[in-house]
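These notes are about the structure you will find just below.
The values are calculated or read from the model by the stated rules, or taken from the named source; none is laboratory data. Quick caveat: nothing in here was measured; it's all calculated off a predicted structure. Note that we place each Cβ from the backbone using ideal geometry, even for glycine, and neighbour counts take in every protein chain shown. These accessible areas exclude ligands, DNA and RNA; they are computed on the full protein's heavy atoms, side chains included. Shrake-Rupley method; radii C 1.70, N 1.55, O 1.52, S 1.80 Å.
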Amino acid sequence: MTATPAKTGPVTSVARNRTVRQYVARVLFAVLMTLVGVLFALPMVWLVLAPFDATPTLSLEWPDWTLDNFARLAENPYALRSIGNSLILGVGTMVIVVGLGALAAYAMSRIRIPGRDGILYALLLLSSIVTGTAAMVPTFQIITQLGLINNYVGVLLVLAGGILPTVIFILKDFMDSIPKSYEESARLYGAGPFRILRDVVAPIARPGLAFISIWTIVQVWGNFLVPFILLRSPDLQPAAVLMYTFYTESGQADLRLISTFALLFSAPVLIIYFVVNRRYGFRFHGGIKS
Amino acid sequence: MAGITATQLVKEYPGGVRGVDEVDVEIRDGEFFALLGPSGCGKTTLLRSIAGLEAITSGSLVIGDRDVTNAEPGVRGVAMVFQDYALFPHMDVGDNIAYPLRIKRVKRDERRGTAAKVADGLSLQGLIERRPGQLSGGQQQRVALARAVATRPDVLLLDEPLSNLDARLRLEARTFLKELQRDLGVTTVFVTHDQAEALALADRIAVMRAGKLQQIGTPREVFQRPNNTFVAGFIGSNPMNLLPAQVRESRLAVGDATVSLPPGTEQLVREGQDVVWGIRPEYVRWVTAEEAGAIPAEVSVVENLGASVLIVVNAGDRKLQVAVPEDQEPAPGDRGWIVPQLSKTLLFDAETTERIG
Ligand SMILES: Nc1ncnc2c1ncn2[C@@H]1O[C@H](COP(=O)(O)OP(=O)(O)OP(=O)(O)O)[C@@H](O)[C@H]1O
Ligand SMILES: [Mg+2]
């Protein structure tokens, strides 16, 4: 352009046209994306606002501010207890799954078994059946035969059984990436396998373990089917099942209770996420792969 | 402190590869012993077998006065520095060094105290609180050494301890390692594929090839009297010239030239025997005037080595390397004579490759 000043006029006008078009395109794009974003945000906003509304409906509206809904929920004998139940089931499953998963993944990662990968994939495929709808009748029968109906042990067993294969699969990958020389070094100083797992492998695989812990709790927290089928007494039900019982006498969904309970229901998972993330951190130590 | 005796040691990997093949070796108490050989010759495998990290297929291993052939690694009294150092990334330097003590259930204060003392001895002051990821390669290496010696092991095993360091640091670390070993008096076995490192550090060297021992001896012995052509070619910064030759009338025919037999071999060869004649480049002189025993030659390549020059010459149809002082540097294409130093020449059997005499 600088070399041929005569052409400057038309060239700049073309350029100006182009920038205008680009500008318009960007504005349109931003508006479109905002609309999509708002669409996704609406349910979240409803979740936060509806509990404080004296008469919540399924549409989003500016609330008629009140805390009555929380008071009413507190009167419900099962509401708060069910959140506690969910915590017991979630943390219980997490302890089983992380404990057994770490041991199994370590063994799977270090011991040569013919067809190891095949076993892992088969487990992974089958596991989705255990906690799914398809196997509910046999699962129910097994738990009945074991006399574990209406008992947390039964629920924990089924939930842990369904989640473990995925956990083993993910943790094995983490442990595969830990150099063998770390463990061999510890072995030379006289450390046994459990000692090595505790002192060396688990701390290095910590981000993986933290992730698995949270993921397990989230899975259990949202699981409706297993506790619904295996538990009878209302005072044992976890929150996901209890939510189902909030109906008015006329059989209508009681939106005041449901919305308030939904907010309480989602809070613990968020809190657990932040606590675990702060304490155990999803960060990686340098020098894992050298 | 303890010596190590391996008898007919075999380590066969699944699939039939023999990493270590019928090795007999006796490492003395307090000795600095090098395992030397090219890549894949089984040095690491032998070291790991001594440590107990590889199950021995057959043969026996004694450390001190105990048969440890089937013993767990933790009870052998050995410590090892791995090639990647294997420092635990989630522990600081102090905890890394003290880890062996932690397994032995030493109390934390005492542990940290010992670790600090050992770290001081290896000039790691002020680094105790750092994580391994925050250290340089040389510092990491010293932390790994500190961890290995913190428990006062009977035997110290080092797998290529210097190979991750750059050339200058390597020389420093070499001196450091030698001093440390002398101070501790610990029986030390170290693996290297660098012959110069082995010659510089070791009291004795074992040269290996394809799982088998080729020669065990002091650096001087393996340098001056290599057992076979392999060791002759492997040891020395410039490989030994190894030329096919034939015994004729009590002399050696090397290509078109004839040279005298090495001293002491006259009675050990037959007329017409095929042999290999060996002479190190450092023991050949390049001269520009003919003299007794000189072989005419032409310079083809000149490589600068700093204080000396390595030239490749064609003598008839044979190629030789000759080390020449820098001020006598010839140019490619120059004609002259080479004069081997007779007392330094060696003779090898062409078939078995073993040294004659
Ligand atoms: N786990 C294994 N399974 C099968 N073969 C192996 C195994 N480890 C080593 N080998 C083989 O054993 C031989 C010796 O290996 P080793 O690692 O001892 O060599 P090295 O002398 O230490 O070589 P380098 O200098 O490259 O480290 C090699 O041929 C190698 O391929
Ligand atoms: Mg090796």
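Per-structure values
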| item | result |
| --- | --- |
| Count - residues of the stretch B:336-353 that are in a strand (DSSP E or B) and touching a Phe, Trp or Tyr at 6+ places or on another chain (Cβ under 9 Å) | 8 |
| Output for the stretch B:14-40, where each listed residue is near ligand 1 (Cβ under 8 Å from one of its atoms) and either among the charged types (D, E, K, R) or not in a strand (DSSP E or B) (or both) | B:14, B:15, B:17, B:18, B:37, B:38, B:39, B:40 |
| Close pairs from the stretch B:343-355: first among the small types (Gly, Ala, Ser), partner open to solvent by 50 Å² or more (accessible area, probe 1.4 Å), Cβ under 9 Å, at least 6 apart | B:343/B:263; B:343/B:283; B:350/B:244; B:350/B:246; B:350/B:274 |
| The listed residue being surrounded by 18 or more Cβ atoms within 10 Å (Cβ to Cβ) and not hydrophobic (A, V, I, L, M, F, W, C), out of B:332, B:262 | B:262 |
| Residue within the stretch B:6-13 that is surrounded by fewer than 18 Cβ atoms within 10 Å (Cβ to Cβ), within 14 Å of another protein chain (Cβ to nearest Cβ) and within 16 Å of ligand 2 (Cβ to nearest atom) present | yes |
| Yes/no for residue B:207 being of a type in the set (A, V, I, L, M), within 14 Å of chain A (Cβ to nearest Cβ) and within 15 Å of ligand 1 (Cβ to nearest atom) | no |
| Matching helices (runs of 4 or more DSSP H) fully within the stretch A:42-159 where at least 3 residues are surrounded by 12 or more Cβ atoms within 10 Å (Cβ to Cβ) and among the β-branched types (Val, Ile, Thr) | A:79-110, A:116-130, A:136-145 |
| Test: residue in the stretch B:31-53 that is open to solvent by 20 Å² or more (accessible area, probe 1.4 Å), closer than 24 Å to residue B:214 by Cα, in contact with a helix residue (DSSP H, G or I) (Cβ under 8 Å, 6 or more places away or on another chain) and more than 10 Å from chain A (Cβ to nearest Cβ) | yes |
| All positions within the stretch B:41-61 that are under 21 Å from residue A:183 (Cα atoms), more than 19 Å from the chain's Cα centre (by Cα) and away from ligand 1 (no atom under 11 Å from the Cβ) | B:51, B:52, B:55, B:56 |
| Flag if residue A:62 is outside the structural domain of residue A:174 (by TED's automatic domain parsing) and within 27 Å of residue A:214 (Cα to Cα) | no |
| Residue check for residue A:116: without any contact (Cβ under 8 Å) to a residue 24 or more places away in the chain, of a type in the set (Lys, Arg), out of contact with any Gly (no Cβ under 8 Å at 6 or more places or on another chain) and over 30 Å from residue B:78 (Cβ atoms) | yes |
| Test result for residue B:80, within 27 Å of residue B:138 (Cα to Cα), away from ligand 1 (no atom under 12 Å from the Cβ) and assigned to a loop (DSSP other than H, G, I, E, B) | no |
| Check on residue B:87, in contact (Cβ under 8 Å) with a residue 24 or more places away in the chain, within 16 Å of ligand 2 (Cβ to nearest atom) and either among the hydrophobic types (A, V, I, L, M, F, W, C) or in a helix (DSSP H, G or I) (or both) | no |
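Every residue, every condition in (1) within 29 Å of the chain's Cα centre (by Cα); (2) at pLDDT below 90; (3) more than 10 Å from every other protein chain (Cβ to nearest Cβ), yes or no:
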position: A:165; (1), (2), (3): yes, no, yes
position: A:168; (1), (2), (3): yes, no, yes
position: A:176; (1), (2), (3): yes, no, yes
position: A:190; (1), (2), (3): no, no, no
position: A:195; (1), (2), (3): no, no, no
position: A:200; (1), (2), (3): yes, no, no
position: A:207; (1), (2), (3): yes, yes, yes
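Residue-wise test of (1) closer than 25 Å to residue B:350 by Cβ; (2) hydroxyl-bearing (Ser, Thr, Tyr); (3) part of a strand (DSSP E or B).
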site	(1), (2), (3)
B:264	yes, no, no
B:272	yes, no, no
B:277	yes, no, yes
B:282	yes, no, no
B:285	no, no, yes
B:291	no, no, no
B:298	no, no, yes
B:301	no, no, yes
B:311	no, no, yes
